Amino acid sequence: MANTLVHILNNECPQCHEGKVFNEKSIFFNIGFPKMNASCSHCNYKFEKEPGYFFGAMYVNYGLTVAQAIATYVIAQFFFPVAFDLRIIPIIAFVIIAMASFNIRFSRLLWIYMFKNYAM
Ligand SMILES: [Zn+2]
């Protein structure tokens, strides 16, 4: 389980862990839309199994974003005198925007890993 998370964060192919899913050095610091490889350069595992395959990754992305927004609120509220201070909202917005690029890549990798055992 922890090993799988390492493979996901290293942008590795779910089947052979040799090839890369995204044609980028790191999934952490990137601006712009992700550049995905069509298939693994090492084992030829096809990442996008059907048209619209990554539509479901959008829901994973939504879940990640909400979790990060809640975590940001929980941390930020300690720095304000009242529990619900409106000044927390721009902080949450900043975190969501800052994490968006990572979330796109991370959610697609999670989606690929979730369904790697289902042949289509
Ligand atoms: Zn592979």
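The values are calculated or read from the model by the stated rules, or taken from the named source; none is laboratory data. Note that this is a predicted model, so its numbers are computed, not measured. No Cβ is skipped: glycine too gets one built from the backbone with ideal geometry, and neighbour counts run over all protein chains shown.
Tabulated results
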quantity	calculated
Tabulated pairs, region 37-51, first basic (Lys, Arg), second at pLDDT below 90 and surrounded by fewer than 13 Cβ atoms within 10 Å (Cβ to Cβ), C-beta under 7 angstrom, 6+ apart or interchain	49/120
Subset tally (residues that are without any contact (Cβ under 8 Å) to a residue 24 or more places away in the chain and touching a helix residue (DSSP H, G or I) at 6+ places or on another chain (Cβ under 8 Å)) for region 75-113	9
Residue match in region 18-28 (condition: surrounded by fewer than 16 Cβ atoms within 10 Å (Cβ to Cβ) and farther than 14 Å from residue 109 by Cα)	yes
Subset tally (residues that are surrounded by fewer than 16 Cβ atoms within 10 Å (Cβ to Cβ), under 15 Å from residue 113 (Cβ atoms) and away from the ligand (no atom under 16 Å from the Cβ)) for region 38-58	1
Inter-residue pairs, beta-carbon under 9 Å, first among the basic types (Lys, Arg) and in region 11-32, second not in a loop (DSSP other than H, G, I, E, B), 6+ apart	20/12
Enumeration of residues in region 16-37 that are away from the ligand (no atom under 12 Å from the Cβ) and either in contact with a strand residue (DSSP E or B) (Cβ under 8 Å, 6 or more places away or on another chain) or within 15 Å of residue 116 (Cβ to Cβ) (or both)	22, 23, 34, 35, 36
